[in-house]
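I have placed the structure first, in the form of structure tokens, so that the comments after it can refer back to it.
The values are calculated or read from the model by the stated rules, or taken from the named source; none is laboratory data. Because the structure is predicted, anything quoted here is derived from the model rather than measured. Neighbour counts are summed over all protein chains in view; Cβ atoms, including those assigned to glycine, are modelled from backbone coordinates with ideal geometry. The area values use the complete protein model at the heavy-atom level, side chains included, leaving out ligands, DNA and RNA. Shrake-Rupley method; radii C 1.70, N 1.55, O 1.52, S 1.80 Å.
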Amino acid sequence: MPVVGTAGHVDHGKSTLVQALTGRDPDRWEEEKERGLTIDLGFAWMTLPSGTTISFVDVPGHERFIKNMLAGTDGFDIALFVVAADEGWMPQSEEHLAVLDLLGIRHGVVALTKVDRVDDELVELATLDITEHLEGTGLEQAPVIPCSAVAGLGLDALQAALDAAVAAAAGTRPPGRPRLWVDRSFTISGAGTVVTGTLTGGELAVSDRVAIHPGPLEGRVRSLQSHEESRETAQPGARVAVNIVGLDRGDVGRGSMLGRVGDWVPSDRLLTAFRRARYVDSPLTNRGAYHLHLGSGAWPVRLRSAGTTPDGREIGVLHVSQPIPVQIGDRFILREVGRRAVVAGGRVLLPEVPRRSADARAAALRLLETLDAEPDQQADALVEIRGVADLGTVAAHTGGGRPTAAVIVGTAALSSSRAASLTQRATNAVAQFHRDNPLRPGMPLASLASALDVPQDTLDALLRTTPALRIDGSVVVSVGFAGGLTAAQEEQFADAARTLADAGLNVPRIRDLQLGDELLHALLRESRLVRISDDFAYLPEQIYEIRTRLADLPDPFTVAQFRDAYGVSRKYAVPLLEWLDRQNATVRRGDLRSVRT
């Protein structure tokens, strides 16, 4: 359902024209009716001669209400630009045209209103003047239709021109996830909170779980209406009223965005490309005080310049006062607070900005190529830039895109170059670890992840697809790595084994064996030694003897009986029995033990 937005100078007849076309007065406030001045956004709809139903968003024309005007431009498909024949081109005509041009509106109709007040010559001159002002903008091909809402002149021609513009604009809305920037919120007795806006991106249905950003706050869609008719689902492009369960009116207002739960990841540092309004001569500086207008919201922002694009657009990082839900390609307007004027407009290139300016500019140039591409193509570009990216975040920043040229590992996506680099670096790091620590079974996965600066779960998933490496428990091992003791270490162990064997069960303390930590741990891992306590270790054959002789003990038996039967002192009997308890070979009951069968 196409959305037609009005634009033009104050008192040039925008609301009157909408009422004449639709039969509905878009001015909702008593003050608007008393003053004959549109203050806030108005809404109406009609069916064109072709049978197409269109929605109107009527915006205020007075310069004091430019923020309200900007809040209504989200979701415009077609512009109905209004210029009064008896006044001609005016200051707000120029600013409103700049807004439409900077937002990329390329389809529209110019209504030359109040022609009943002037002669034909003035109509012709006004038409020529309008055509000159439109040159070089997105509306330079828009037809100029002389008309009068009061006298009923030219309305049929205007509807025919709107029909043609609707046909030309068909299919220009990008696909994506459902989102609705709120332009009104109110409470209906017995129903609760209702918000309205233009639905874009995707379909919204009754019972959907939705989140309100910034926040986020969560609720559920109780009911939907479009043009005062109840719907089970609402399609993108429609003006929609959403009744939400679980939210108060105070929780949501103009500038909030409604989307499905889990679909959006807010950001507060946006990489953007923008053009200055044609009446702004000098580049924007980092010192300016700006407001970002995106969707129906407005937020203070700080600008950091990051160069220019080959086609002359400026690249800038916008630091927003709070995180907001945006995606690649979102259009915005910058308004300078000091001069109280729209100064630039552009598109979001990347919702999460690289820290270095050089990286930011390189990312900007890459993403400029995909601004109007399918979400999956944007996802591939995003992963290529970031190297490693969470799939949920990629989907949120691309309107549901999933990379097709990336390496998917668990919940992350890696660019092919980053995956190859990480694999090679991991292989080299593990090989070096083996050289430095030949007695250890492998490099701890956590240590490898830290060394490569990549999340451990991502690395785990990547390595499971790497033929040269394998994961063994919590360590990473090179395929083919055998390790093992050197000849000198084997001789050292042989000396220790003879010492242990000669000592019977009254073995020396571990430290007296002088094996060293690395060799000791290797022998324990290979079960060539069995450690029973911090101080003592035995040979496997000694452990076998200890367990076998348990059958000769009475049931139950005491520590003293064990000590005497094995010919050891209490220094050995207590740790041996505690070890046997841990091995479930014996069970202790007070001062007595029994052998488990």
Looking across region 396-427 at residues that are free of Cβ contacts under 8 Å to residues at least 40 places away in the same chain and of a type in the set (A, V, I, L, M, F, W, C), the single one that is nearest to Gln327 (Cα to Cα) is Ala413
The one condition Ala431 fails out of (1) crowded, with 19+ Cβ neighbours inside 10 Å; (2) assigned to a helix (DSSP H, G or I) is (1)
Review point. Quick check, is Leu422 modelled with pLDDT of 85 or more, of a type outside the set (Ser, Thr, Tyr) and open to solvent by less than 50 Å² (accessible area, probe 1.4 Å)?
Key: yes
Those residues of region 209-227 which are at pLDDT 90 or above and closer than 27 Å to Ala44 by Cβ amount to Val210, Ile212, Val221, Arg222, Ser223, Leu224, Gln225
Within region 518-536, restricting to residues that are part of a loop (DSSP other than H, G, I, E, B) and either in contact with a helix residue (DSSP H, G or I) (Cβ under 7 Å, 6 or more places away or on another chain) or of a type in the set (Lys, Arg) (or both), the one that is surrounded by the fewest Cβ atoms within 10 Å (Cβ to Cβ) is Ser527
Filter region 504-563 for residues that are under 59 Å from the mean Cα position of the chain (by Cα) and polar (S, T, N, Q); the one that is farthest from Thr597 (Cα to Cα) is Gln514
If we ask which residues in region 537-557 are assigned to a loop (DSSP other than H, G, I, E, B) and touching a strand residue (DSSP E or B) at 6+ places or on another chain (Cβ under 6 Å), their number turns out to be 2
Flagged pairs (Cβ under 7 angstrom, 6 or more apart or on separate chains; first in region 143-166, within 14 Å of Thr22 (Cα to Cα); second charged (D, E, K, R) and surrounded by fewer than 21 Cβ atoms within 10 Å (Cβ to Cβ)) are Val150/Asp116
Residue count, region 562-584, condition part of a loop (DSSP other than H, G, I, E, B) and within 18 Å of Thr548 (Cβ to Cβ), comes to 4
Restricting attention to region 1-39, the residues that are hydroxyl-bearing (Ser, Thr, Tyr), closer than 25 Å to Leu199 by Cβ and modelled with pLDDT of 60 or more number exactly 3
>> Whether any residue in region 274-288 is open to solvent by less than 10 Å² (accessible area, probe 1.4 Å) and closer than 25 Å to Gly176 by Cβ is what I want to check.
In response: yes
Restricting region 315-333 to residues that are open to solvent by less than 20 Å² (accessible area, probe 1.4 Å) and over 15 Å from the mean Cα position of the chain (by Cα), the one nearest to Arg278 (Cα to Cα) turns out to be Ile333
- prompt: Any residue in region 181-196 that is among the acidic types (Asp, Glu) and in contact with a Ser or Thr (Cβ under 7 Å, 6 or more places away or on another chain)?
  reply: yes
Tyr544 passes all but one of the listed conditions (1) out of contact with any helix residue (DSSP H, G or I) (no Cβ under 7 Å at 6 or more places or on another chain); (2) open to solvent by less than 40 Å² (accessible area, probe 1.4 Å); (3) of a type outside the set (Asp, Glu); the exception is number (2)
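Looking at Thr465, Thr423, which one is part of a helix (DSSP H, G or I) and β-branched (Val, Ile, Thr)?
When all the criteria are applied, what remains is Thr423.
I'm trying to understand the selection: among the residues of region 271-298, which are out of contact with any His (no Cβ under 7 Å at 6 or more places or on another chain) and in a strand (DSSP E or B)?
Listed by number, the residues that qualify are Leu271, Thr272, Ala273, Phe274, Arg275, Arg276, Tyr290, His291, Leu292, His293, Leu294, Gly297.
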Within region 457-467, of all residues that are polar (S, T, N, Q) and surrounded by 14 or more Cβ atoms within 10 Å (Cβ to Cβ), the one nearest to Val409 (Cα to Cα) is Thr458
Report yes if Ser230 is among the polar types (S, T, N, Q), surrounded by fewer than 17 Cβ atoms within 10 Å (Cβ to Cβ) and modelled with pLDDT of 90 or more, otherwise no.
yes
Scanning region 547-597 residue by residue, those among the β-branched types (Val, Ile, Thr) and surrounded by 17 or more Cβ atoms within 10 Å (Cβ to Cβ) turn out to be Val568, Thr586, Val595
For region 294-315, pairs from a residue that is on the phi > 0 side of the Ramachandran plot to a residue that is outside any strand (DSSP E or B) and basic (Lys, Arg), with Cβ under 6 Å and 6 or more apart or across chains, are Gly307/Arg361
Across region 468-482, the tally of residues that are of a type in the set (A, V, I, L, M, F, W, C) and open to solvent by 80 Å² or more (accessible area, probe 1.4 Å) stands at 2
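What's the total number of residues in region 241-270 that are part of a loop (DSSP other than H, G, I, E, B), out of contact with any Lys or Arg (no Cβ under 8 Å at 6 or more places or on another chain), among the aliphatic types (A, V, I, L, M) and at pLDDT 85 or above?
Count: 2.
Residue by residue, here is whether (1) under 25 Å from Gln377 (Cβ atoms); (2) of a type in the set (S, T, N, Q); (3) touching a residue at least 60 places away in the same chain (Cβ under 8 Å) holds:
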site: Phe186; (1), (2), (3): no, no, yes
site: Arg209; (1), (2), (3): no, no, no
site: Val245; (1), (2), (3): no, no, no
site: Gly255; (1), (2), (3): no, no, yes
site: Thr272; (1), (2), (3): yes, yes, yes
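Of all residues being in contact with a Pro (Cβ under 9 Å, 6 or more places away or on another chain) and of a type outside the set (S, T, N, Q) in region 56-73, which is modelled with the highest pLDDT? Just the residue, please.
Step one: of region 56-73, the residues in contact with a Pro (Cβ under 9 Å, 6 or more places away or on another chain) are 56-58, 63, 66, 68-69, 72.
Right, trim to of a type outside the set (S, T, N, Q) and you get 56-58, 63, 66, 69, 72.
Details: Phe56: 89, Val57: 86, Asp58: 83, Glu63: 53, Ile66: 65, Met69: 72, Gly72: 68.
Filtering region 56-73 for residues that are in contact with a Pro (Cβ under 9 Å, 6 or more places away or on another chain) and of a type outside the set (S, T, N, Q), the one modelled with the highest pLDDT comes out as Phe56.
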All conditions in (1) over 30 Å from Gly329 (Cβ atoms); (2) crowded, with 19+ Cβ neighbours inside 10 Å; (3) of a type in the set (A, V, I, L, M, F, W, C) are true of Leu80 except (1)
Checked region 514-556 for anything at pLDDT 90 or above, among the aliphatic types (A, V, I, L, M) and under 22 Å from Glu490 (Cα atoms); matches are Leu529, Val530, Ala537, Leu539, Ile543
